[in-house]
Structure formats: structure tokens, C-alpha cells
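Visitor: Attaching a single structure in C-alpha cells format; questions to follow.
The values are calculated or read from the model by the stated rules, or taken from the named source; none is laboratory data. Everything numeric here is computed off the predicted structure, so don't read it as measured data. Positions of Cβ are backbone-derived with ideal geometry, glycine not excepted, and every protein chain shown enters the neighbour counts.
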Protein chains: 2
Amino acid sequence: MDQNAKDLHESTIVIDCLEISNWSEEIFKKMRLGGLTAVNCTCSILENFRQTVKNIVWWHGAFDNCSDLIMPVHEVPDIREAKKLNKTGIILGFQNTSAIEDNLDLLTIFHGLGIRVIQLTYMEGNLIGQGCLERFDAGLTSFGLEVIEEMNRLGILIDLSHVGHRTTMDAIEASQKPVAFTHANPKSLCDHPRNKPDEALMAVAEKGGVVGATIFPPFLPAGNKSTLNDFIDVIDYLADMIGYDHVAVGTDFTEGQPKEWFDWILTGKSKKGPALNLNHPLKNPEGIESTADFPNLTSALLNRGYSELNIQKIMGGNIMRVLSEVWEK
Amino acid sequence: MDQNAKDLHESTIVIDCLEISNWSEEIFKKMRLGGLTAVNCTCSILENFRQTVKNIVWWHGAFDNCSDLIMPVHEVPDIREAKKLNKTGIILGFQNTSAIEDNLDLLTIFHGLGIRVIQLTYMEGNLIGQGCLERFDAGLTSFGLEVIEEMNRLGILIDLSHVGHRTTMDAIEASQKPVAFTHANPKSLCDHPRNKPDEALMAVAEKGGVVGATIFPPFLPAGNKSTLNDFIDVIDYLADMIGYDHVAVGTDFTEGQPKEWFDWILTGKSKKGPALNLNHPLKNPEGIESTADFPNLTSALLNRGYSELNIQKIMGGNIMRVLSEVWEK
């Protein structure tokens with residue numbers, strides 16, 4: 001990598017809008033190698049309240065034991081502090097609302113525990129609305145409307161990546177603040193149920209939010225054969241459609257997760273689970289295979305002719321703007 | 001009441017397909033006065049697993065402390081035994097699936113604890129499907145399909161009284177065994193979201209199931225001004241439409257429940273709750289105001305010209321036939 005790209009990457013606030021790895025000190029070291037200023041780290045998927053609290057307790061231990069590598073992010077200045085201290089700021093997030101069970105007040109509890117991003121549904125339906133792999137497409141429930149209102153009030157980013165289409169459109173309309181697809185690609189590039197139709201991508205941008213392009217192979221047109229260059233094509237396509245101010249990166253890295261974990265997240269509460277063929281084993285795009293490879297992204301965007309300003313927006317500035325608006329009381 | 005009606009009532013197996021009272025020895029005494037052979041008693045509405053287990057523990061105490069009045073029903077011969085012993089058999093049932101949370105295996109646990117009737121949803125949407133007061137009408141979820149399959153396998157009656165229309169129709173189609181509306185009236189008589197369109201009533205009958213006509217005032221055309229005679233009109237109407245073999249009685253008695261309880265079941269997990277105006281205070285139809293008044297039903301049906309055989313079917317025979325088919329392995 002040339003010195004110019006290296007300098008730019010080092011001076012940039014770099015945020016991965018979503019990782020869901022098998023967390024360990026080794027991964028935190030990779031985040032440092034990748035120059036990650038902050039990462040939205042998933043700490044609840046299908047877990048209930050109690051199990052999620054257990055996961056948060058694990059993070060408390062990690063913040064203590066790996067305090068040279070990571071630090072918790074509760075507000076936007078914490079991200080700037082992480083940059084200054086050469087640490088990776090950890091934004092704790094959920095990919096589902098099972099953790100709040102049937103109790104709206106648990107949102108306040110989790111906000112108090114530092115949760116700052118919540119995806120409304122995972123793959124299937126829940127008490128809030130429908131996931132992208134549910135049997136039918138329907139909107140937000142009455143409870144879901146109240147959840148949106150409460151997340152807006154508390155300052156928790158609404159993530160709609162896995163959410164079904166009608167629930168997504170309902171949520172964009174209902175939210176008083178910007179929302180995000182932290183990790184999803186355009187369906188018009190790769191027709192996968194987890195990817196998003198243009199209508200939804202544009203609505204998120206109009207709401208002032210961001211779309212985090214993802215490297216998860218099944219969501220890329222070339223699947224397991226994708227390269228970093230193919231991923232930059234996705235960013236190009238998104239930037240063309242919704243503008244440089246609304247594109248971000250949400251890798252969806254699943255580093256160190258065993259096959260049993262994939263089986264669990266895909267079958268979930270049911271015995272059969274939704275029909276999502278992941279085409280195992282997954283192979284991340286050459287050039288961006290782990291969180292340590294983030295500098296390659298900056299370099300590839302420079303080579304593609306992106307301005308330094310636009311690179312800084314895409315690599316972290318855009319999501320930081322959204323977090324400022326959403327987290328601010 | 002004349003001796004003929006009295007004798008008929010005393011010789012009949014009388015089953016109330018649903019009561020949801022503030023359970024006490026006093027109510028069990030009223031059940032005995034009413035000549036009730038068995039009652040489907042709700043022991044979970046919005047509760048989760050742990051809270052529901054607590055309710056079941058309460059029933060264990062009641063079975064011990066009131067063993068002269070009540071006994072548990074786990075299979076159809078228990079109903080006959082209750083008749084012989086002059087006790088009221090208690091069929092424990094749920095009016096929601098919140099108790100199984102997100103775990104199909106909890107159905108086996110609850111079957112083991114004696115639960116024999118489960119309504120798929122209460123008023124709102126849940127992990128299985130949509131309730132009749134949810135913002136939208138949609139079908140069974142993937143998880144819901146598996147719940148039906150498991151309830152069929154275990155032998156738990158599927159109750160669809162509060163369930164939204166498309167989820168109701170989906171469940172009737174998916175079930176391999178008869179299903180029931182334990183407590184609902186025809187929407188064509190009284191246009192209330194809790195009442196059922198003819199299409200659904202006929203589908204339940206075609207499936208071999210029963211419809212329990214209910215005395216809950218908001219679901220009767222004359223509301224709080226209804227009389228026993230008005231209730232018999234509902235039975236007449238149902239018998240005409242779906243036949244004598246498919247009509248039953250599910251009073252939905254809420255004896256001794258305070259206003260706070262109504263507030264709780266109607267708002268549930270949300271702060272606002274679904275829009276159901278109950279027109280408090282409720283006044284049960286004159287002549288059938290408590291579970292002790294059941295003999296008046298037999299008498300009124302006789303006066304209306306029903307044959308003894310049809311009275312015995314409606315008062316308990318039909319639901320017992322369904323329970324035999326559903327509970328049998």
C-alpha cells in the first residue's frame with residue numbers, strides 16, 4: 001500500500017457498522033491492525049433478557065482485560081477519544097428485540113447498560129414486526145410502533161438490515177430520527193432476501209440515514225468468489241443511487257464463529273428455521289478477509305478515484321453523523 | 001325451574017369451554033351449584049414461562065385445598081370421573097402462547113404439567129401469528145406452523161377465539177385435528193373484532209371442531225342489556241349455520257376480576273394497548289350472570305324446544321367429542 005493511502009487511513013475515523021464475531025483479544029488486536037476507530041458489535045441475536053445481560057457482563061470483563069485495545073462507546077465524543085487513544089471504541093448493539101421480551105421498559109434498562117444500536121427483527125417475525133425470511137411480509141405491530149417511539153426518545157439507532165420490507169418501510173416512516181441498514185446490499189445487484197430494494201435504500205437516505213455495504217459473500221453478486229474490487233463496485237453503485245453522504249461500511253464479519261453458531265442463528269427458536277442457504281463454507285472477498293484488512297478499503301477507494309473527503313465519509317463520517325443525530329437527546 | 005329441566009341438567013355432562021375468573025374456593029362452589037362437570041380454566045394470558053409456572057403451582061394448591069370441589073382433568077375419562085364424584089374437573093388452558101416464549105420444547109413441558117388447551121394469540125401479534133386487534137391481518141409465522149404441528153402431536157386443543165382472521169384460517173388449514181373457538185360469537189350477529197365471520201365459523205365446523213357461544217356482553221348484539229333469551233338466540237343462530245354437532249358454550253366468565261385486571265389484559269406489554277372499549281362496568285345477561293346459573297341454560301334450551309340429545313351435545317357432548325379426538329395420541 002502506498003504511503004498516501006496509509007496516511008489517509010491513519011488520519012480517518014474508521015467505523016465498521018456491524019461485526020458479529022466470536023469476540024476475543026485476538027479479534028480486538030485485528031481491529032487495531034485494521035485501524036478501526038469504532039465497531040458496532042452485536043451482543044444479542046436470539047437471546048432473551050437474562051441471556052443478553054450475561055453477554056453484556058462478558059463485555060464488561062473484556063473492557064477490563066483488554067483496556068489497551070478497546071473501550072466502550074456511549075456517546076459520540078467517546079469515538080473521538082478512542083481515535084486519540086489508539087483504541088477501538090466498542091458500540092454495543094443488538095440484531096433483534098428478543099432481549100426486551102414483551103416489556104418496553106427494558107429498552108431503558110439496556111440503554112442504561114450502553115446499548116446504542118438495535119435491529120428491530122432478525123430473520124423471522126417477532127413482537128415488533130416481520131423479518132426478511134418470514135413466511136409473509138407485514139408491517140410494524142402496535143407494540144413495534146411504541147418500540148420505535150421509545151428508541152427515538154432514548155437515543156438508540158434503529159437498524160433495519162434484516163427486517164422485512166413492509167416493516168422496514170413502516171419503521172422509516174414512523175421514526176422521528178434517521179435509521180440505518182448497518183449491513184445490507186442492494187437487491188438490484190444481488191437478488192437475496194437479505195438485500196434491500198431501491199425503494200428502501202432511497203427511503204433510508206431521504207431519512208438522513210446510512211446504508212452499510214456488506215462483504216458477507218452470499219449478499220454479493222459473485223458470492224464466495226468476490227474480491228475487494230467487487231465490494232467497491234457495490235459502494236460505487238450505492239453512492240450513485242443514494243449519494244456519498246449515505247454510504248457506509250458494515251462488513252458483517254463473523255470471525256471465529258463455528259458452524260454450530262451459524263446453525264443456531266439460522267434455525268433460532270424453531271426446529272426447522274427459515275430457508276437460508278448460506279453456501280458453506282463462506283469465503284470473504286480476497287483483500288478484505290478480516291477486520292485487519294480495513295486499510296485495503298481506503299486504498300481501493302483511492303485507486304477508484306474517490307476524493308479523500310468522500311472516503312472519510314464512507315469509512316466513518318456518515319455513520320458518525322447519524323449517531324450524533326440519533327444519540328443526542 | 002321445572003323438575004324435567006333439573007333432572008336433565010343433573011344427568012348431563014356440562015362443560016364450560018372457557019372461564020377466566022379470579023379463582024377462589026367461592027367460585028369452585030358456584031361451579032358445583034351450576035352443575036359444571038368440567039371447565040377450561042385460563043391460567044396464562046400475557047405471562048411468560050416462569051410466571052405461568054407460578055400460576056400452575058397455585059392450581060396445585062387449589063387441587064389440594066379444594067379437593068372436595070374440584071379435580072384436575074388430563075384425559076377424557078377424568079371428565080367422566082368428575083361427573084361420578086360430583087366434582088368439577090379443571091382443564092387448564094392458556095389464552096396465549098407467551099408462556100412458551102421462543103421455545104417449541106416448552107410445549108412438551110406444559111403438556112407434562114397438564115395444559116390441554118392453548119389459544120394461539122391473545123389480542124395482539126405474537127411469535128405465532130396475529131391477534132384480532134393487531135394493526136394488520138396476517139397469517140401464521142413459520143414458528144407458528146411448527147407450534148401447530150407440535151400441539152397436534154402432543155394432544156393440545158388449538159383455540160382460535162382471539163386470533164386474527166388470516167391466522168385463524170391458516171391454523172384451521174394447518175391443523176391435522178379439530179380446532180375450536182372456545183368463546184366467540186358470530187360477527188354477522190354482532191360486529192365486534194372479537195367475533196368471527198361466517199367463513200371461519202363454518203371452517204371450524206367442517207374441521208370437526210366446536211364454537212363456544214359466549215355471554216361476554218360486548219360480544220352480544222344487546223351488549224350490557226342482554227338477557228339469557230338473547231344468548232339462546234346466538235345458540236339458535238349458530239346451530240342453524242353450523243349444525244347442532246358444532247355448538248358449545250364458553251361463557252368467558254370473569255368473576256371477581258377487578259378493574260386493574262381488565263386494564264392489564266387489555267394493555268398488555270405495550271403502554272397504549274389495542275383499542276378495545278369494553279364499556280365498563282360489564283353486566284352479564286340476566287339469567288346467566290354467574291357460573292352457578294348454568295341450570296338456567298338447560299331450562300331455556302328446553303323451553304326453546306331443543307331436544308334432550310341436542311341440549312346434551314351443546315352443554316358438553318360436542319366439546320367432549322373434540323377433546324377425545326385432539327387429546328388422543
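Visitor: Looking only at segment B:152-166, which residues are more than 9 Å from every other protein chain (Cβ to nearest Cβ) and either part of a helix (DSSP H, G or I) or farther than 22 Å from B:N40 by Cβ (or both)?
Guide: The answer is B:N152, B:R153, B:L154, B:H165.
Visitor: Separate question: Could you say whether any residue in segment B:163-174 is in contact (Cβ under 8 Å) with a residue 60 or more places away in the chain and on the phi < 0 side of the Ramachandran plot? Step through it out loud before you land on a result.
Guide: Going through segment B:163-174, the residues in contact (Cβ under 8 Å) with a residue 60 or more places away in the chain turn out to be none.
No; the residues of segment B:163-174 include none that is in contact (Cβ under 8 Å) with a residue 60 or more places away in the chain and on the phi < 0 side of the Ramachandran plot.
Visitor: Let me ask another. Taking B:H183, is it away from chain A (no Cβ under 14 Å), under 19 Å from the mean Cα position of the chain (by Cα), touching a residue at least 60 places away in the same chain (Cβ under 8 Å) and assigned to a loop (DSSP other than H, G, I, E, B)?
Guide: yes
Visitor: So which of A:S161, A:S175 is over 16 Å from the mean Cα position of the chain (by Cα), within 19 Å of A:V322 (Cα to Cα) and of a type in the set (S, T, N, Q)?
Guide: The match here is A:S175.
Visitor: If you scan segment B:34-64, which residues turn out to be of a type in the set (A, V, I, L, M), under 30 Å from B:K6 (Cβ atoms) and out of contact with any Ser or Thr (no Cβ under 8 Å at 6 or more places or on another chain)?
Guide: B:A62
Visitor: Further question on the same structure: What residue, of B:V204, B:V234, B:V211, is in contact with a strand residue (DSSP E or B) (Cβ under 7 Å, 6 or more places away or on another chain), closer than 30 Å to B:E286 by Cβ and assigned to a strand (DSSP E or B)?
Guide: Among B:V204, B:V234, B:V211, only B:V211 is in contact with a strand residue (DSSP E or B) (Cβ under 7 Å, 6 or more places away or on another chain), closer than 30 Å to B:E286 by Cβ and assigned to a strand (DSSP E or B).
Visitor: Mind counting the residues in segment B:237-259 that are farther than 18 Å from B:L18 by Cα and assigned to a loop (DSSP other than H, G, I, E, B)?
Guide: 2
Visitor: For B:T227, only one of the following conditions fails: (1) within 15 Å of B:H162 (Cβ to Cβ); (2) of a type in the set (V, I, T); (3) surrounded by fewer than 24 Cβ atoms within 10 Å (Cβ to Cβ). What is its number?
Guide: In the conditions (1) within 15 Å of B:H162 (Cβ to Cβ); (2) of a type in the set (V, I, T); (3) surrounded by fewer than 24 Cβ atoms within 10 Å (Cβ to Cβ), B:T227 misses (1) alone.
Visitor: Scanning for something at pLDDT 95 or above, over 17 Å from B:P218 (Cβ atoms) and surrounded by 13 or more Cβ atoms within 10 Å (Cβ to Cβ), does segment B:277-289 turn up at least one residue?
Guide: Within segment B:277-289 (the criterion being at pLDDT 95 or above, over 17 Å from B:P218 (Cβ atoms) and surrounded by 13 or more Cβ atoms within 10 Å (Cβ to Cβ)), the answer is yes, since at least one residue qualifies.
Visitor: I would also like to ask the following. Would it be correct to say that A:T97 is within 20 Å of the chain's Cα centre (by Cα) and over 30 Å from B:L127 (Cβ atoms)?
Guide: no
Visitor: Then there's this: Consider segment B:110-134. How many of its residues are in contact (Cβ under 8 Å) with a residue 40 or more places away in the chain, more than 13 Å from chain A (Cβ to nearest Cβ) and under 25 Å from B:H60 (Cβ atoms)?
Guide: 9
Visitor: Could you please find all residues in segment A:1-46 being among the acidic types (D, E) and either within 16 Å of A:T254 (Cβ to Cβ) or at pLDDT 95 or above (or both)?
Guide: Matches in segment A:1-46: A:D7, A:E10, A:D16, A:E19, A:E25, A:E26.
Visitor: Looking at B:T52, B:T88, B:T37, which is the one that is within 14 Å of chain A (Cβ to nearest Cβ) and β-branched (V, I, T)? Even if it seems obvious, please write down each step before you answer.
Guide: On the way: B:T88 fails: within 14 Å of chain A (Cβ to nearest Cβ); B:T37 fails: within 14 Å of chain A (Cβ to nearest Cβ).
When all the criteria are applied, what remains is B:T52.
Visitor: Quick check: is even one residue across segment B:185-205 of a type in the set (S, T, Y) and closer than 23 Å to B:I91 by Cα?
Guide: There is no residue in segment B:185-205 that is of a type in the set (S, T, Y) and closer than 23 Å to B:I91 by Cα.
Visitor: Just a yes or no: is a residue in segment A:207-220 under 30 Å from A:V147 (Cα atoms) and surrounded by fewer than 23 Cβ atoms within 10 Å (Cβ to Cβ)?
Guide: yes
Visitor: Now a separate question. Within segment B:140-172, restricting attention to residues that are charged (D, E, K, R) and within 25 Å of B:E75 (Cα to Cα), which residue is surrounded by the most Cβ atoms within 10 Å (Cβ to Cβ)?
Guide: Here is the first cut: in segment B:140-172, the residues charged (D, E, K, R) are B:146, B:149-150, B:153, B:159, B:166, B:170.
After this cut, where a residue has to be within 25 Å of B:E75 (Cα to Cα) as well, the list is B:146, B:149-150, B:153, B:159.
Working: B:E146: 20, B:E149: 16, B:E150: 18, B:R153: 14, B:D159: 30.
Step by step, filter segment B:140-172, then rank; the result is B:D159.
Visitor: Kindly evaluate B:D137 against the criterion of being within 13 Å of chain A (Cβ to nearest Cβ) and either surrounded by fewer than 24 Cβ atoms within 10 Å (Cβ to Cβ) or of a type in the set (D, E, K, R) (or both).
Guide: Details: within 13 Å of chain A (Cβ to nearest Cβ): yes; either surrounded by fewer than 24 Cβ atoms within 10 Å (Cβ to Cβ) or of a type in the set (D, E, K, R) (or both): yes.
In short, yes.
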